[in-house]
């Protein structure tokens, strides 16, 4: 009697799906001593942030050439990266205290300029920035005081890796 032994074998091990990137894997730090560029003081923004969304705000040059018979072309000719950060006001947190300090919140020009450092894995982006639209929201009596700030990039960031 012949038996098909394959019927009792284990099935082939299935491949694992690719794991998605988790947002908290990106760390954000703000320089709380921008006047001393030689030795920045990086304050972790993770204790106040609930959400961070990025936009490149690309500048487009859209052109139609005779040779293309009415069809257009687009080139990206520039950009300004912005991040919108939302979270909660946390007195005593270095990043929160810096952003909501009278010097920064009620100041203009250089008072709003500092640096942001983003880290993910070994990648580091350090970027001169301007803080805009700093908004402690207040709201319902039994809820945390919400905070929103828009981070505007000034020029090209420095991109590197951890050593």
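The values are calculated or read from the model by the stated rules, or taken from the named source; none is laboratory data. Just so it is clear, the model here is predicted, and its values are computed rather than measured. Every residue, glycine as well, gets a Cβ built from its backbone with ideal geometry; the counts of neighbours run over all protein chains shown.
Under the condition of being free of Cβ contacts under 8 Å to residues at least 40 places away in the same chain, in contact with a strand residue (DSSP E or B) (Cβ under 7 Å, 6 or more places away or on another chain) and closer than 23 Å to residue 78 by Cβ, the residues counted in the range 152-163 number 4.
Those strands (runs of 3 or more DSSP E) of the range 63-163 in which at least 2 residues are under 19 Å from the mean Cα position of the chain (by Cα), considering only elements entirely within it, cover 82-88, 113-120, 123-138, 146-153, 158-161. Taking (1) in contact with a helix residue (DSSP H, G or I) (Cβ under 8 Å, 6 or more places away or on another chain); (2) more than 22 Å from residue 25 (Cβ to Cβ) in turn, residue 120 satisfies each apart from (2). Counting only residues that are farther than 23 Å from residue 128 by Cβ and assigned to a loop (DSSP other than H, G, I, E, B), the range 25-62 holds 1 of them.
Between 73, 39, the distinction of being surrounded by fewer than 13 Cβ atoms within 10 Å (Cβ to Cβ) and at pLDDT 95 or above belongs to 73 only. Counting only residues that are in contact (Cβ under 8 Å) with a residue 60 or more places away in the chain and under 16 Å from residue 86 (Cβ atoms), the range 112-151 holds 7 of them. So is residue 25 exposed (fewer than 10 other Cβ atoms within 10 Å of the Cβ) and in contact with a strand residue (DSSP E or B) (Cβ under 9 Å, 6 or more places away or on another chain) or not? It is true that residue 25 is exposed (fewer than 10 other Cβ atoms within 10 Å of the Cβ) and in contact with a strand residue (DSSP E or B) (Cβ under 9 Å, 6 or more places away or on another chain).
From the list 45, 81, 49, the lone residue that is more than 23 Å from residue 161 (Cα to Cα), in contact with a strand residue (DSSP E or B) (Cβ under 7 Å, 6 or more places away or on another chain) and crowded, with 17+ Cβ neighbours inside 10 Å is 49.
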